[in-house]
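Below: the structure, in structure tokens.
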Amino acid sequence: MKRVITYGTFDLLHYGHINLLRRARALGDYLIVALSTDRFNSVDKHKKCYFSYDERKLLLEAIRYVDLVIPEENWEQKREDMHLYHVDTFVMGDDWTGKFDFLKQEGVDVVYLPRTPEISTTQIKQDLNRN
Ligand code: C2G
């Protein structure tokens, strides 16, 4: 069984996220999503989320491509996660290209997938504020 992992906030879930999750899952047989906790988002990522961790987790668990959701609590946990969850492939959108290549040292493939253009949580919020 080929195990894939990806990380993110996934707030205001949209089709760009779904495109990423679908392609990540297609790289293996089992997809783990490490979901940024509320604390990690506010303290370290300086992101203000609309939905709480529990709400974002509920949404992700309803997606057919997602097999397991775990908490992402800090920037440093990835190395250990690769072994804890027996990961074969680490996937992120290409806005992160190169940032996680060090994980190859843990024996995993590192894949950056093209982002879905024109959609983002920031764009959604801006559009809603405009109307
Ligand atoms: N994404 C995408 N296309 C978009 C928007 C997002 O492919 N239009 C991808 C991002 O590249 C990322 C994933 O969807 O791989 C989740 O996006 P975010 O929730 O914005 O995640 P981010 O804040 O980048 O957190 O430790 C890694 C971080 O937790 C990543």
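The values are calculated or read from the model by the stated rules, or taken from the named source; none is laboratory data. Source: prediction; values computed, not measured. Methodologically, a virtual Cβ is constructed for each residue, glycine included, from the backbone with ideal geometry; neighbour enumeration extends over all protein chains shown. For the accessible areas, the whole protein counts, side chains as well, though only heavy atoms, and no ligand, DNA or RNA atoms are used. Shrake-Rupley method; radii C 1.70, N 1.55, O 1.52, S 1.80 Å.
Some observations on this one:
- Lys, Arg +1 and Asp, Glu -1 on Cβ, resulting dipole of the chain about Cα centre, debye, nearest 20: 320 debye
- GluC sites (Glu not before Pro) lying in DSSP loop within region 77-121, provided at most 10 other Cβ fall within 10 Å: Glu118
- Once the 1.4 Å probe is applied to the protein heavy atoms, region 48-87 comes out at 66 Å² accessible per residue.
- Positive-end residue, region 61-131 charge dipole about Cα centroid, Cβ charges, pick of Gln105, Val66, Asn131: Asn131
- Value of [θ]222 nm, deg cm²/dmol, for the chain, DSSP H segments ≥ 4, -39500 (n - 2.57) each, nearest 500: -8000 deg cm²/dmol
- Debye intensity ratio I(q)/I(0), log10, the chain, q values 0.09, 0.20 Å⁻¹ (C-alpha model): -0.24, -1.26
- Lys, Arg +1 and Asp, Glu -1 on Cβ, resulting dipole of region 58-131 about Cα centre, debye, nearest 20: 300 debye
- In straight-distance terms, cross-link reach from Lys125 covers every one of the lysines whose alpha-carbon lies under 22 Å from its own, apart from those fewer than eight places away in the same chain; here that gives Lys45, Lys47, Lys48, Lys57.
- Its residue count N fixes a reference of 2.2 N^0.38 Å for region 38-97, and the Cα radius of gyration divided by that reference is 1.23.
- Applying a DSSP loop filter and a limit of 16 other Cβ atoms within 10 Å to the trypsin sites (Lys or Arg not before Pro) in region 50-107 leaves Arg64, Lys99.
- Accessible surface of the chain [probe 1.4 Å, protein heavy atoms]: carbon and sulfur percent: 52 percent
- Annotation for region 1-70: chymotrypsin sites (Phe, Trp or Tyr not before Pro) lying in DSSP loop with at most 15 further Cβ atoms inside 10 Å of their Cβ are Tyr50.
- About the Cα centre, charge dipole magnitude for region 22-88 (Lys/Arg +1, Asp/Glu -1 at Cβ), debye: 380 debye
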